[in-house]
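First up is the structure itself, then whatever we jot down about it.
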Amino acid sequence: PSRQAAIDAIKITTTRFNKATLAMADLRGSRADLLTLPGGDVGFAFGGEIRRETQIDNRDPHVDGTIQFVDAVSGFVNASDLIGSSPSPDTRGRRTVAAAYAELAIPLVSPDMGVPLVYRAELQVAGRYEHYSDVGSVAKPKVAGAWDIVPGLRLRGSYVQGFKAPNLEQINATVVTRSNTRTDYIRCEADLRAGRIASFADCSQGFATSAQRSGNPDLKPETSTTWGAGA
């Protein structure tokens, strides 16, 4: 065993600093009686906001390529200076988002109108728009309705389009390399048939694979469409 002093000489404490910020200003308003229809008052709501988002993932200098490992014999350079740790560059990103929405609650039929088989009918129409400085713009609607055939029996339905923008890590992450050890079962099969090993339990685990992955600055918001109905 190595002396403790020798072990302490090659041990370090690594750090990883993460920070995310969000600054937002918004304006909202509503009115329950924007105008009056035979079925009642139309409600109206609107709003807008501006968001500023930032994100930073600051890796340890021994991992992000600042301090690299250089093999004294072969001259081979590894961006990571820590054994067992793959190179992981720093990641940072920021975006500005402007958003606006509006919604109408429209009463079509009220109980005092006396319409047969339509005790009450209501409609909701809404929409939201967002512009991202890094992934573009997206606008989606919502339409929903409710029909009370008689008191206590309501049919309802909705149609909604939604979206989810990629986060800053998914867009701005640089290339990250990950190395893993795998069992090469084709090689093990050859060794087994040649009698070099007695069973698959003796397979060597020394086959290394390397994978590279990164963020994609061309990602756009994911979209969805949802139908709903109920009674």
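The values are calculated or read from the model by the stated rules, or taken from the named source; none is laboratory data. Keep in mind it's a predicted model, so treat the numbers as computed, not measured. Cβ: placed from backbone, ideal geometry, glycine included. Neighbour counts: every protein chain shown. The protein model used for the area step is the full one, side chains on, heavy atoms only, and it has no ligands, DNA or RNA in it. Shrake-Rupley method; radii C 1.70, N 1.55, O 1.52, S 1.80 Å.
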Item to check | Charge-dipole axis of the chain as Lys and Arg at +1 and Asp and Glu at -1 on Cβ define it, positive-most pick from S86, S158, I186 | outcome: I186
Next on the checklist: I'd like to check one number: the per residue accessible area of the range 52-202, probe 1.4 Å, reported in Å² as a whole number.
Outcome noted: 59
Checklist outcome for this item: For D90, other-chain or 5+-apart residues with amide H closer than 5 Å (H placed, Pro excluded) are R59
Checklist entry - Carbon and sulfur together cover what percent of the accessible area of the range 95-231 at a 1.4 Å probe radius? => result 57
Next on the checklist: Just to check, using Stokes-Einstein with a Kirkwood Rh over alpha carbon pairs, what's the diffusion coefficient of the range 1-125 at 25 °C and 0.890 mPa s in µm²/s?
Outcome noted: 117
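What size of dipole, in debye to the nearest 20, comes out for the range 174-221 about its Cα centre when the only charges are +1 on Lys and Arg C-beta atoms and -1 on Asp and Glu C-beta atoms? Don't jump to the answer; show the numbers that get you there.
Working: 7 positive and 5 negative charges, 31 e Å.
Value, rounded to 20: 140 debye.
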Checklist entry - How long is the gain from R28 to F69 if the chain were fully straight, where each residue apart is worth 0.36 nm and the alpha carbon distance is subtracted? => result 9.2 nm
Item to check | Spatial separation of Cα centroids for the range 125-176 and the range 1-51, in angstrom | outcome: 18
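Keeping all protein chains in place and using 1.4 angstrom, which order do M113, M24 fall into by accessible surface area, from largest down? Could the numbers behind the result be given before it?
Details: M113 80, M24 105 Å².
Per-residue accessible area, sorted high to low, gives M24, M113.
Got a number for carbon plus sulfur as a percent of the range 1-77's accessible area, 1.4 Å probe? Write down the numbers at each step before the final one.
Details: 3360 of 5730 Å².
Ligands and nucleic acids excluded, carbon and sulfur reach 59 percent.
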Checklist entry - When averaged across all projection directions, what area in nm² does the alpha-carbon convex hull of the range 91-231 cover? => result 16.2
Checklist entry - If you project the alpha carbons of the range 170-213 onto the principal axes, what extent comes out on each, in Å, largest first? => result 51, 13, 11
Checklist entry - Sorted from largest down, what three extents in whole angstroms do the Cα atoms of the range 101-144 have along their principal axes? => result 53, 14, 6
